[in-house]
1. Consider only pairs whose beta carbons are under 7 Å apart and that are at least six residues apart or on different chains; among these, list those whose first residue lies in region 274-287 and is of a type in the set (A, V, I, L, M, F, W, C) and whose second residue is part of a helix (DSSP H, G or I).
2. Please specify each residue of region 452-474 satisfying the condition of being outside any helix (DSSP H, G or I), under 14 Å from K487 (Cα atoms) and open to solvent by less than 80 Å² (accessible area, probe 1.4 Å).
3. Return the residues of region 411-456 that are of a type in the set (S, T, N, Q) and under 19 Å from E338 (Cβ atoms); say none if nothing qualifies.
4. Out of all the residues in region 389-406, which are open to solvent by less than 80 Å² (accessible area, probe 1.4 Å) and in contact (Cβ under 8 Å) with a residue 40 or more places away in the chain?
5. Quickly run through region 173-186 and pick out the residues that are over 25 Å from D217 (Cα atoms) and part of a helix (DSSP H, G or I).
6. Between a residue in region 409-435 that is part of a helix (DSSP H, G or I) and any residue that is of a type in the set (D, E, K, R) and surrounded by fewer than 18 Cβ atoms within 10 Å (Cβ to Cβ), which pairs come within a Cβ distance under 9 Å, given they are 6 or more apart or on different chains?
7. Before we move on, is D581 open to solvent by less than 40 Å² (accessible area, probe 1.4 Å), among the acidic types (D, E) and within 21 Å of the chain's Cα centre (by Cα)?
Amino acid sequence: MKKLINFSLSCFNVGLNVITRVFLIVLSASVYQGFIIAEVLLNNSNVWYPKRLSDFVESIQENISRITFNILQKSTTKVVMLNGFMRWFLRFLVSLLAIGVRPLTYLLNIKRNRKCPPPTNPLLFKSATTLAMMIRNKQITSEEVVTAYIERCKEVNPYLNAIVEPRYDLAIKEAKCIDKMIASNDRSTEELAKEYPLLGIPMTVKESIAVEGMSNDSGTVFPYRNPAKKDADIVRRARAAGAIPIAVTNTPQLCMNWETYNSVTGLTMNPYDQRRTTGGSSGGESALIASAASIIGVGSDIAGSLRLPPMFNGIFGHKPTPKLVSIEGHVPDCLDPEFEEFFALGPITRYAEDLPLLLKVLRQPTGPDVPLDKPVDLTRLKFYYMEGDGSNVTDKIGSDVKMAMEKAKAYIKSTYNVEVKELKIANIEHMWEISVRVLFNIQHVRNIYTDPEKRDQLISMWPVVLKKMMGLSSHSLTCVAYGPAKKFFDALPKNYYKKLLEVFEQIKADFSEALSDDAVLLFPTFPYPAHLHYRIFYRFLNFGYLTIFNALGLPATACPIGLTDKGLPVGLQIVANKCNDHLTLAVAREFEKAFGGWTPPNKDLLNSIKTA
């Protein structure tokens, strides 16, 4: 009897297993066939979808949309903002992605175990300020400096994959021309410094910023090469000051990610650990500067791209006051005149003293009055700190970032006898939602759905979405998702957005009053140091640490505060009121003196080379 029962159970298990497998096969086949049928139908819609039928369907859609809009309008005006539970629930839903993504990131990064070699050439350890002075004084030639950085690029790029396109030969020719000019010039070094503050200095440029003759596709696959026709405004200004571009660097497609990878150049890796992200979208630029393959560079920032990559790579980046630096020549561009209030181009450097040097070169004469040369007395500054926005959407800061914050606060207290006070802003917990809505309210940002013939219109989205789902698209997931997300936010009731703006205006006023012209705010850049590649897909809600200052339009400097126990860079944002960039730059320079600033990646290898 017992054998019969066991046999019956075995038969049942086998049968269940067979039925389950058949069901899954049929289901997967049906989904696959459904995508194929959809693709065919979309490409032949004129056959099966005549105009008379389309007009009838559109009239039904309009009625449904009108009814839906009225329902949403009535419901959302009752609850103006996400309450605490909804914000927590949003974070919970996104965190569920970690169940699948987290194990996958371990598997994908197993073979990324090569260590980026540390720099050994003494020239690579000097700031741009020092190198420019040495070139002007004929202590060293521009050709020597440019050659040293080109050799370093060739050494580290196989480990980083940060360079999209080099211009080594042209850079050496330009350096030789500068050396000849200096040799035959009778002007004083002071005159040269005033006219050419970056004379003979190599620099790198984020690929989304135009350099004449170089790739400017911003990580997008095209069937033909379409190099930049002319320099972007900031590149033109840098070259006029004597700088020499040696390469353009990697960025996620159209700068729409906090992880630097695309279908053209691939994935850029962190010089401190190949398994970890460089951040985005200025990840290629930051990785190259941090590895001592570039000394200064320029990037862009609409959601933290001048601050997150520098933090993950242990260097300095600065998001300037809106309109201080021209954004002309950037891809993507935008037709919305409000774009410049939130989007910025700015400097990325390895040494803090080079930030004001580069920013003074890059600034446009029609920009706001920012006194970059004004001396800053740190003893007269007020210092505030915040550990986050209290939204419950973002993660709380981890132990490494917490320790960096405490180190910075303790240094200010012990050195200047100034208490770093916690800044409390009413309704700050709503800034995550406000910043998302404000940034998504920007109209006509160039994206993969932009109609090439009519810049203010979009092409159909669903063919692109379906191709991505089928694995037939070269576009990145974030670029594909941007269109539907933008449509969703545009469809939300305007009354709801107006209520958010009322709260936002009060928050802006409170920040302006607190910071005035004599205070800085210490704020986390991200809850933790650089994570493994692709983990941003379940940590992306933490962009709230960055977008808050894009929405508020405040200048912010990313500043390294040392390395963690695992040897990873960790840092903070230093924030000031509008037109007070000089305050954040001064504090960054002070923190560089206190905590050492940039640390060469894999310095232990350098020590082993010296003792060998």
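1. Listed pairs, sorted by first residue: A287/L160; A287/N313.
2. Those that are outside any helix (DSSP H, G or I), under 14 Å from K487 (Cα atoms) and open to solvent by less than 80 Å² (accessible area, probe 1.4 Å): I459, S460, M461.
3. From region 411-456, those of a type in the set (S, T, N, Q) are 414-415, 417, 427, 435, 441, 443, 447, 450; that's our starting set.
Of everything in region 411-456, those that are of a type in the set (S, T, N, Q) and under 19 Å from E338 (Cβ atoms) turn out to be S435, N441, Q443, N447, T450.
4. Selection gives D389, S391, N392, V393, T394, D395, I397, G398, D400, V401, A404, M405.
5. Listed by number, the residues that qualify are K173, A175, K176, C177, I178, D179, K180, M181, I182, A183.
6. K409/E419; I412/E419; K413/E419; I428/D510
7. Values: open to solvent by less than 40 Å² (accessible area, probe 1.4 Å): yes; among the acidic types (D, E): yes; within 21 Å of the chain's Cα centre (by Cα): yes.
So D581 fits the description; yes.
Listed here are the residues, each with its yes/no results for (1) buried (at least 16 other Cβ atoms within 10 Å of the Cβ); (2) closer than 29 Å to P158 by Cα.
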{"position": "L97", "(1), (2)": "no, no"}
{"position": "G100", "(1), (2)": "no, no"}
{"position": "P103", "(1), (2)": "no, yes"}
{"position": "N109", "(1), (2)": "yes, yes"}
{"position": "K115", "(1), (2)": "no, yes"}
{"position": "P118", "(1), (2)": "yes, yes"}
{"position": "L123", "(1), (2)": "yes, yes"}
{"position": "K126", "(1), (2)": "yes, yes"}
{"position": "I135", "(1), (2)": "yes, no"}
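The values are calculated or read from the model by the stated rules, or taken from the named source; none is laboratory data. Note that the coordinates shown come from a computational prediction; the quantities given were computed from them, not determined experimentally. Glycine gets a Cβ as well: all are built from the backbone with ideal geometry, and neighbour counts include every protein chain shown. Note: areas computed on protein heavy atoms with side chains; ligands, DNA, RNA excluded. Shrake-Rupley method; radii C 1.70, N 1.55, O 1.52, S 1.80 Å.
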